[in-house]
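Worksheet: the structure to be examined is printed underneath.
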Amino acid sequence: MKAIKRGFPRAWYNPWIQALLLAAYTAGVSAALAFSGQSVIWFLLLVASLLFLYHSSLPRKVQWIWAAVVLGAILPLAASTGPAYESYMEVATQMGIYIAMAVGLNIVVGFAGLLDLGFVAFFSLGAYTYAIFFSDQANQFLSGHHFPLPGGLFWLFLPLGMFIAGLFGVLLGLPVLRVKGDYLAIVTLGFGEIIRIIFNNLDKPVNITNGAIGISSVRPPELFGVTFTFPHHYYYLVLVLLAGVFYAVHRLEHSRIGRAWKAVREDEIAAQAMGVPLVRTKLTAFAAGASFSGLMGVVFAAKQAFIDPTSFTMLESITILVMVILGGMGSLPGAVVGACLVTVLNLQLLPQLTNWLNQLAAQGMISFPPALSPSKMQRFLFGMLLILFTVFRPKGVLPARLRRHDPGHMAELAREYRQGIAGVHPSISPLAEPGSSSSRAEKGMQKEGMSP
C-alpha cells in the first residue's frame, strides 16, 4: 500500500498484470541474451527476473513453477546460442554450489545464532571423501587396486558425503556447547584450520590425501551412460540438488526444530526455561548445516577433477559468511541473493572490470601507480562494496520475514487453550475473551484486592 501512495497504479498489484509484465521482461531479456553472443549484463538481468518474481503477488506454487521453468529451460536455451554457453553454465554452477553452502551456514548462523568461521571444513570433508575413492589415491593405502571407483557410484557418495560432514558437525558441536559468541567463532575457526592442516599433512606415514600436491584425475560422475564432462551437465545436477536443499530447509525452518533454533538464537536461557533441549537443538543445527556443505563438496570434487588444501582456506569460510550476512541472516531468499551477488562479483564483474582497466592502461589512456594497479585493487573494491551494502542495508538485501498467521485461526487456538485451562482450573471462565468487558472487570477487581 505504501507504493500505491507514492503514485504506483493500483492495477500493478493485480497478479495477472504482474505475470504479464514479468513474462514480457523475461522474454525480452532472454532474446537479448540469445542474440548478444556474450554479455554478462543480459545474463545477470535474466537471473534478476527471479528476484522480481519473489517480490510479486503471484501464489507461492506459481512462483516455484515459474522459477523452475526459467532456470531449467529458458536460461540454458538463451545462453546456448552464443560461444559463451559453457562459461555461463560454469558461473551458474558455481553460484548453485555457493547457494547451497550459504543456505547451510544460514541454518547455523541465521536460524540458531551460532557463529561458525570454519564452515569450509565440512565442504572439504565431502570433497576429499569423493576424490580419494574416485582416483588412484585410494590404492596408496588400500590393497587390491580396485580404485578409482566407477562414475556410477557417484550417486551413492552424495548421501555418504552428507553423512560424514554431518557426523563431523556433531563432533564439532559436542565440545563447544557451552561456548558462545566470540569464543565460539574462535573454536570453529580453529576447527576449520585443523581440518585443512590435517589434509595438507596426511601424506605420511600413510599417503591418504597426497598432502599439499592434491588429488588429480578424479573420475567424473556417470548417469545412464552419459559422463559428466561439461559445465552444463553439472548445472542441471546442482539445480536438482538445490531443489532438494530448499525443500528440506523450508520444512525445517517452519517445523518444531526450526522454532527451537530461533528461540535459542534470541535467548538461550529463556528457551531452556520453556523446555527447549539446548544440546539436541545446537547439535541438529551443526549437523544440518554441515551436511549440505558436504553434499556440495562431493559435487565440487567431481566437477573440478582436482582438489588440494588451498581450495579450503579460511577465506572461503569468511566468503560464505559474507553471503549470509549480505543477503540477510535467517532469510532463505536472502542467502540465495547474497550467494549470487558475491559469486558474480568475484567471478565476473570485478575480473572483467580489472581486465578493462588493464586494457585502458596498456593503451596509454589511463595510468595507475604500481601500488594502485587494478589487479591489486580487486579485493579493495570488493570490500568497499560490502561496506556500502552494510551501511545502506544493515539487515541484508532480503531480511527475514515474520511468518504471518490468520487472526481468526489464532483466535480459535486461543479459545481452545482457554477452554483447556478452564477444565483444569474451574475458577477460570472460558467465556472471558481477552479485552472483553468481563475480563477487564475481573482484572480491575483483582487489582483492588476484591474477588470477582
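Any chance the stretch 381-392 includes a residue that's hydroxyl-bearing (Ser, Thr, Tyr), more than 22 Å from Thr93 (Cβ to Cβ) and under 12 Å from the mean Cα position of the chain (by Cα)? Reasoning before the result, please.
Initial filter on the stretch 381-392 (hydroxyl-bearing (Ser, Thr, Tyr)): 390.
Filter again for more than 22 Å from Thr93 (Cβ to Cβ), leaving 390.
If we keep only those that are under 12 Å from the mean Cα position of the chain (by Cα) too, we end up with none.
No, the conditions are met nowhere in the stretch 381-392.
Is it true that Leu142 is out of contact with any Pro (no Cβ under 6 Å at 6 or more places or on another chain), at pLDDT below 90 and either surrounded by 12 or more Cβ atoms within 10 Å (Cβ to Cβ) or within 18 Å of Asp308 (Cβ to Cβ) (or both)?
On the way: out of contact with any Pro (no Cβ under 6 Å at 6 or more places or on another chain): yes; at pLDDT below 90: yes; either surrounded by 12 or more Cβ atoms within 10 Å (Cβ to Cβ) or within 18 Å of Asp308 (Cβ to Cβ) (or both): yes.
Yes; evaluated as a whole, the condition is true for this residue.
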Taking the stated definitions as given, is Leu114 part of a loop (DSSP other than H, G, I, E, B), over 15 Å from the mean Cα position of the chain (by Cα) and closer than 23 Å to Leu332 by Cβ?
-> yes
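Looking at Leu326, Leu347, which is the one that is of a type outside the set (Lys, Arg), surrounded by fewer than 23 Cβ atoms within 10 Å (Cβ to Cβ) and closer than 24 Å to Leu239 by Cα? Even if it seems obvious, please write down each step before you answer.
On the way: Leu326 fails: surrounded by fewer than 23 Cβ atoms within 10 Å (Cβ to Cβ).
On inspection, the qualifying residue turns out to be Leu347.
Could you tell me whether any residue of the stretch 188-198 is assigned by TED's automatic domain parsing to the domain that holds Gln94, under 19 Å from Ile320 (Cβ atoms) and among the basic types (Lys, Arg)?
The first filter runs over the stretch 188-198 and keeps only residues assigned by TED's automatic domain parsing to the domain that holds Gln94, leaving 188-198.
When the remaining residues are screened for being under 19 Å from Ile320 (Cβ atoms), the result is 188-196.
With the extra rule that they be among the basic types (Lys, Arg), the set shrinks to 196.
Checking the stretch 188-198: at least one residue is assigned by TED's automatic domain parsing to the domain that holds Gln94, under 19 Å from Ile320 (Cβ atoms) and among the basic types (Lys, Arg).
Per-residue answers, yes or no, for (1) in a loop (DSSP other than H, G, I, E, B); (2) in contact with a Ser or Thr (Cβ under 8 Å, 6 or more places away or on another chain):
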{"position": "Phe123", "(1), (2)": "no, yes"}
{"position": "Tyr130", "(1), (2)": "no, no"}
{"position": "Gly144", "(1), (2)": "yes, no"}
{"position": "Gly161", "(1), (2)": "no, yes"}
{"position": "Ile164", "(1), (2)": "no, yes"}
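Residue by residue, here is whether (1) assigned by TED's automatic domain parsing to the domain that holds Ile320; (2) hydrophobic (A, V, I, L, M, F, W, C); (3) under 20 Å from Leu171 (Cα atoms) holds:
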position: Leu278; (1), (2), (3): yes, yes, yes
position: Lys282; (1), (2), (3): yes, no, yes
position: Phe300; (1), (2), (3): yes, yes, no
position: Ala305; (1), (2), (3): yes, yes, no
Matching residues in the stretch 76-88 - criterion: being under 17 Å from Thr26 (Cα atoms) and out of contact with any helix residue (DSSP H, G or I) (no Cβ under 6 Å at 6 or more places or on another chain) | Pro76, Leu77, Ser80
If we ask which residues in the stretch 179-190 are of a type in the set (D, E, K, R), farther than 13 Å from Val264 by Cβ and not in a helix (DSSP H, G or I), their number turns out to be 0
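Quick one: in the stretch 110-139, which of the residues that are of a type in the set (Phe, Trp, Tyr) and within 21 Å of Leu315 (Cβ to Cβ) is surrounded by the fewest Cβ atoms within 10 Å (Cβ to Cβ)? Step through it out loud before you land on a result.
Residues of the stretch 110-139 that are of a type in the set (Phe, Trp, Tyr), as a first pass: 111, 119, 122-123, 128, 130, 133-134.
Checking the rest, the ones that are also within 21 Å of Leu315 (Cβ to Cβ) come to 119, 122-123, 128.
On the way: Phe119: 28, Phe122: 38, Phe123: 32, Tyr128: 26.
Once the filter is applied, the top-ranked residue is Tyr128.
If only one of Leu353, Leu386, Leu402, Leu431 is within 30 Å of Ala339 (Cβ to Cβ), modelled with pLDDT under 70 and hydrophobic (A, V, I, L, M, F, W, C), which one is it?
Working: Leu353 fails: modelled with pLDDT under 70; Leu386 fails: modelled with pLDDT under 70; Leu431 fails: within 30 Å of Ala339 (Cβ to Cβ).
The conditions single out Leu402.
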Mind listing whichever residues of the stretch 222-243 are in a helix (DSSP H, G or I) and surrounded by 13 or more Cβ atoms within 10 Å (Cβ to Cβ)?
-> Pro231, His232, His233, Tyr234, Tyr235, Tyr236, Leu237, Val238, Leu239, Leu241, Leu242, Ala243
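Please verify whether the stretch 221-231 includes one or more residues that are among the polar types (S, T, N, Q) and within 21 Å of Val176 (Cα to Cα). Spell out how you get there, then give the answer.
Within the stretch 221-231, the first condition is being among the polar types (S, T, N, Q), and the residues that meet it are 227, 229.
Keeping just the survivors that are within 21 Å of Val176 (Cα to Cα) gives none.
No - not one qualifying residue is present in the stretch 221-231.
Picking from Ser255, Ser217, which residue would you name as being assigned by TED's automatic domain parsing to the domain that holds Val324 and under 25 Å from Leu114 (Cα atoms)? Give the derivation first.
Numbers: Ser217 fails: under 25 Å from Leu114 (Cα atoms).
The conditions single out Ser255.
The values are calculated or read from the model by the stated rules, or taken from the named source; none is laboratory data. Computed from a prediction, not measured in an experiment: that's the story for all the values here. Note: ideal-geometry Cβ built from the backbone for every residue, glycine included; neighbour counts use all protein chains shown.
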